[in-house]
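FYI, it's all coordinate maths here, none of it is from the lab. Everything quoted here is computed from the prediction, not taken from an experiment. Note that each Cβ is placed from the backbone with ideal geometry, even for glycine, and that neighbours are counted across all protein chains shown.
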Amino acid sequence: MIDRLDDSLSDAIEWLTEIGPEIEPSADSESDSDSESEPESEAADSPSNSESQDEAVPRSDGGRETDPPSAETAADWEEADSPTSRTLHGVIHGADGAYACGEGGILLHRRDDGWQTLIERGPGVADNTLRTIDATADGCRLWFAGDSGALGYYDVADGYLSDYSAPGEKTSTWEGIAVSGPTGEERIRIANGSGEVLDCTVEDGCPVWGDVVEPGGGSTIPGLTAGPDGFYAIDTSGGAYYEDANGEWERIGVRNAEVDFYDIWAGDETVFVAGADGIAYRYDPHCENWTPINVGQGALQSIQVAEGSDTAVAVATGGRVYERIESIRWKERDTPTEQSLLDLALARRRSDDEGLATVPVDIAVGAGGTVLERQRDRSDTSN
C-alpha cells in the first residue's frame with residue numbers, strides 16, 4: 001500500500017512540474033501576496049496591531065483623540081519655540097510683528113528670528129498677569145490690561161512703555177480691552193470682572209478717562225471688540241451689548257443663550273460670539289438676528305474672521321482649532337498640542353499706508369506658553 005502511495009505522489013509532483021509554467025497567478029493571489037509582504041497604510045488602524053489600535057486616547061480636558069493623521073491630513077499648525085512656560089492670554093499683530101501677553105506681566109515679541117521676551121514684568125514693574133491686548137489701527141501702539149487694575153501701553157516705534165494702572169482707583173481685574181483709531185487718536189474700552197466698562201480717548205498724546213458704565217447686570221465682561229461702527233461686549237450671563245457712536249450701550253442679545261460667552265468679533269456685516277460647549281453665535285446687525293452654530297467641542301476661547309476673506313477660525317480648550325470651510329460647516333484642524341488655546345490673531349491680508357504690512361501667519365497662544373503658528377502663502381494675503 002505504501003509503495004502505491006509513493007508512486008502516486010511521485011506521479012502527481014511530476015505532472016505539476018510539467019504544467020506549472022502554464023498556470024498564470026490570479027489577481028487575487030497577487031493581491032494576497034502583496035498584502036502579506038507590504039501592509040497597506042490602513043493596516044496601522046487595525047485592532048490587531050497592539051501599538052496602534054483604533055481606540056481613542058483620552059485628552060487632557062476630557063475629550064477623545066484618535067491615532068495620528070495620515071500625511072494627506074497632516075497638521076498645518078506648528079508649535080513655535082516659546083521663550084516662556086507662562087500662560088499666554090492674548091496675542092495681536094503689531095506694526096513690526098506679533099505680540100503676546102500673559103502670566104506675570106510678560107510681553108513677547110515675534111521677530112524674524114523667532115519669539116523673544118520683550119518685557120518680563122508688566123506695567124508698574126509688577127507681576128500682575130496681563131489678560132488682554134489690542135493694537136491701534138496702525139499697529140504702532142499696543143494696549144494691554146490685567147490683574148489688580150494693571151493697564152498700560154507699549155509704543156512700537158520708540159520702545160516706550162507707559163503705565164496707567166488703576167485709573168479712577170479701579171483695581172479689579174481687567175478682562176477685556178478694545179482699541180479703535182490710529183495712534184495718538186485712539187479710543188479705548190476696558191472691561192472688568194464686575195461688569196464695568198471704562199472708556200478712554202487719547203487727546204494731545206495723553207489718555208483722558210471717561211465714565212464707568214455697566215452695560216449689563218454686573219456679570220463679568222470677558223470680551224470686547226471694536227467694530228466698524230462701534231464697540232461690542234459680551235458677558236458671562238449670555239448677554240451681548242453694542243455701544244453706538246454716541247456712547248450709549250444697549251443689549252442686543254442673546255435670547256435664550258444656553259452657554260457662557262468668552263470672546264466676540266465684529267465685522268462689517270457679521271458679529272461672532274465664542275461660547276462654551278463648542279457653540280458660537282452669529283449676529284446679523286441688519287436683521288438683528290442671532291443664530292447658534294455648533295462649531296465643535298470644548299469652550300471656544302477666541303473667534304475671528306480673516307481680513308478680506310470668509311475664513312473664520314476659532315480656538316478652544318484642549319488644543320483645538322476649528323475652521324469654517326463652508327457657511328455653516330466647521331472642521332477641526334490638527335494641532336500638535338493639548339494645551340488650552342486662549343487667543344488668536346489671524347494673518348493680515350493687506351498692506352496699507354498706516355504702517356501695517358502684510359503678515360502671512362496665523363497665531364494662537366495659550367496655556368504653558370504655547371504658541372502655534374500657521375504660515376499663509378503671501379499671495380493669499382495680498383490685495
(request) Using a cut-off of 15 Å between beta-carbons, work out the net charge of the residues near Asp343 (Lys and Arg +1, Asp and Glu -1, Asp343 not included). (result) -1
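Relative contact order, percent, of region 78-381 when contacts are C-alpha pairs under 8 Å separated by at least 6 residues? Don't skip to the end; give the middle numbers.
On the way: 913 pairs, mean separation 41.2, N = 304.
Taking the mean separation of contacting Cα pairs over the length of region 78-381, I get 14 percent.
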(request) For Ile325 and Arg251, compute 0.36 nm times the residue count separating them, minus their Cα-Cα distance, and round to one decimal in nm. (result) 23.6 nm
(request) Would you mind ranking Ser237, Ser82 so that the residue whose beta carbon has the fewest other beta carbons within 10 Å leads the list? (result) Ser237, Ser82
(message) Just to be sure I understand the curve: with the Debye formula and one point per C-alpha of region 78-381, what is log10 I(q)/I(0) at q = 0.09, 0.12, 0.14, 0.16 Å⁻¹?
(response) -0.39, -0.72, -1.02, -1.40
(request) Could you point to the residue in Val254, Ala226, Gly205 farthest towards the positive end of region 197-254's charge dipole, with +1 and -1 charges on the Cβ of Lys/Arg and Asp/Glu respectively? (result) Val254
(request) Calculate the length of the line joining the C-alpha centroid of region 240-280 to that of region 288-333, in whole Å. (result) 15
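Roughly how large, in nm² to one decimal, is the mean projection of the convex hull of the alpha-carbon atoms in region 85-166? All intermediate terms of the calculation are to be shown ahead of the outcome.
Working: hull surface 18.9 nm².
For region 85-166, averaging the hull's shadow over all directions gives 4.7 nm².
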(request) Please list, in chain and number order, the residues 5+ apart from Gly267 or on another chain whose amide H is under 5 Å from its amide H, with Hs placed from the backbone. (result) Phe272
(request) Return the long-range amide H neighbours of Cys200 (sequence gap of 5 or more, or a different chain), with a cut-off of under 5 Å between placed amide H atoms. (result) Ile188, Gly210
(request) Would you mind working out the magnitude of the charge dipole of region 78-381 relative to its Cα centre, with +1 at each Lys and Arg C-beta and -1 at each Asp and Glu C-beta, to the nearest 20 Debye? (result) 720
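When ranked by the protection proxy of mean other Cβ atoms within 10 Å per residue, highest first, what sequence do the peptides 201-213, 305-317 form?
On the way: 201-213: 12.8, 305-317: 19.8.
Highest mean packing first, the order is 305-317, 201-213.
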(request) Give me Arg121, Arg320, Arg255 ranked fewest to most by other Cβ atoms within 10 Å of their Cβ, as a rough exposure proxy. (result) Arg255, Arg121, Arg320
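Test of understanding: ordering Trp174, Trp77, Trp115 by Cβ neighbours within 10 Å, fewest first, what list do you get? All intermediate terms of the calculation are to be shown ahead of the outcome.
Values: Trp174 30, Trp77 21, Trp115 24.
By the 10 Å Cβ count, ascending, the order reads Trp77, Trp115, Trp174.
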(request) Apply the Karplus parameterisation 6.51 cos²θ - 1.76 cosθ + 1.60, with θ equal to phi minus 60°, to every residue of region 224-241 and state each ³J(HN,Hα) to the nearest whole Hz, in sequence, with x for glycine and proline. (result) 9, 8, 9, x, x, 10, x, 9, 10, 9, 9, 10, 7, 9, x, x, 10, 9
(request) Return the tail of the calculated pair distribution for region 86-242, meaning the percent of Cα-Cα pairs more than 19 Å apart. (result) 49
